[in-house]
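The values are calculated or read from the model by the stated rules, or taken from the named source; none is laboratory data. Source: prediction; values computed, not measured. Note: ideal-geometry Cβ built from the backbone for every residue, glycine included; neighbour counts use all protein chains shown. Ligands, DNA and RNA are excluded from the accessible area calculation, which covers all protein heavy atoms including side chains. Shrake-Rupley method; radii C 1.70, N 1.55, O 1.52, S 1.80 Å.
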Amino acid sequence: MADTEKVCCQPERGLVLRDVTLTAGSTCVLRDASLTVLLSGMTLLSGRNGAGKSTLLRAMLGLVPLQEGEILTHGLPPAQARQHIGYMPQSVTDAALLLPAVSHVRAAVDGLRWGLPLHLRPRREEADRLLALTGASAFAHRPLGLLSGGERQRVGLAQALAGNPDLLLLDEPLAALDHAGQEQTVRLLEDLTDRLGIGIVLTSHETEALSGVVTRVVQLADGGLHVRV
Ligand SMILES: Nc1ncnc2c1ncn2[C@@H]1O[C@H](COP(=O)(O)OP(=O)(O)OP(=O)(O)O)[C@@H](O)[C@H]1O
Ligand SMILES: [Mg+2]
């Protein structure tokens, strides 16, 4: 409840759903659902397999249309909000797996800028900075298709950080990671929230690795959303 009160005063820092009905194929993910929640720090979107977590993240980005209602992220509808959001999908497509990881990050750096494209050198430097930030420099020049699941997660995180987003939507960033990899990633995410002030919304079934780290939990169940702070 405290969270709801705060976000009412700071809609630019939160997520607002008003009477949202959202379906994926024939599955109803949300039915007339409303929610007001801050997105500072780390927000865990939880729910069983198939509850609709990935679909909701995609709806926040305008990649899936709503049947009814509206979603505002930081006060903006999806098409505008996504200019400030970095997204790491749950699974990557098999496109361009022979290209080195660094090329994928350079493409993200270029693709997310408005106006004239960056010159080659600044683009390379920015991609290298993001790969270093996520601990992916060592395998940046290997083809994406030859990287392990955990290594690909780090490259995906570097791509999501392109364009200096103020919010990250990370779909299952801890899947495919061993225990040590999960700890490293959780520390990295904490660093992004604490040092750079980036808000993070993540989905994960790894509740143990995240205990004591997340700021709040949003539970998606039976077509509704519930917040635990
Ligand atoms: N493009 C689609 N066409 C048809 N059904 C879909 C589509 N996308 C998702 N679904 C269905 O919608 C439901 C929600 O899927 P979603 O991927 O959002 O769940 P999730 O909570 O992310 O699950 P998980 O924890 O397994 O990642 C599932 O029943 C899924 O089969
Ligand atoms: Mg999912």
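Every residue, every condition in (1) touching a Ser or Thr at 6+ places or on another chain (Cβ under 8 Å); (2) aliphatic (A, V, I, L, M); (3) within 22 Å of ALA127 (Cα to Cα), yes or no:
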position: GLY149; (1), (2), (3): no, no, yes
position: GLN153; (1), (2), (3): yes, no, yes
position: GLY163; (1), (2), (3): no, no, yes
position: GLU172; (1), (2), (3): yes, no, no
position: ILE198; (1), (2), (3): no, yes, yes
position: THR203; (1), (2), (3): yes, no, no
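To keep it simple, each residue is scored yes or no on (1) open to solvent by less than 40 Å² (accessible area, probe 1.4 Å); (2) within 14 Å of ligand 2 (Cβ to nearest atom); (3) hydroxyl-bearing (Ser, Thr, Tyr).
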site: LEU30; (1), (2), (3): yes, no, no
site: SER40; (1), (2), (3): no, no, yes
site: ARG48; (1), (2), (3): no, yes, no
site: SER54; (1), (2), (3): yes, yes, yes
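Each residue in the stretch 13-47 was checked for being away from ligand 1 (no atom under 16 Å from the Cβ), modelled with pLDDT under 95 and more than 26 Å from LEU210 (Cβ to Cβ), and 0 of them qualify.
Once the stretch 56-85 is narrowed to residues that are charged (D, E, K, R) and touching a strand residue (DSSP E or B) at 6+ places or on another chain (Cβ under 7 Å), the residue that is farthest from LEU15 (Cα to Cα) is GLU68. Apart from one condition, ALA96 fits all of (1) open to solvent by 60 Å² or more (accessible area, probe 1.4 Å); (2) part of a loop (DSSP other than H, G, I, E, B); (3) more than 12 Å from ligand 1 (Cβ to nearest atom); the exception is (1). Report whether or not LEU157 is at pLDDT 90 or above and out of contact with any Phe, Trp or Tyr (no Cβ under 6 Å at 6 or more places or on another chain). Taking the combined requirement at face value, the residue satisfies it. For the stretch 166-185, the tally of residues that are surrounded by fewer than 22 Cβ atoms within 10 Å (Cβ to Cβ) and away from ligand 1 (no atom under 16 Å from the Cβ) stands at 8.
Considered as a group, the residues in the stretch 127-165 that are among the charged types (D, E, K, R) and either assigned to a helix (DSSP H, G or I) or within 30 Å of GLY50 (Cβ to Cβ) (or both) include one that is most open to solvent (accessible area, probe 1.4 Å), and that residue is ARG129.
Residues that are more than 16 Å from ligand 2 (Cβ to nearest atom), free of Cβ contacts under 8 Å to residues at least 24 places away in the same chain and open to solvent by 40 Å² or more (accessible area, probe 1.4 Å) within the stretch 63-82 comprise PRO65, LEU76, PRO77, ALA79, GLN80, ARG82, listed in sequence order.
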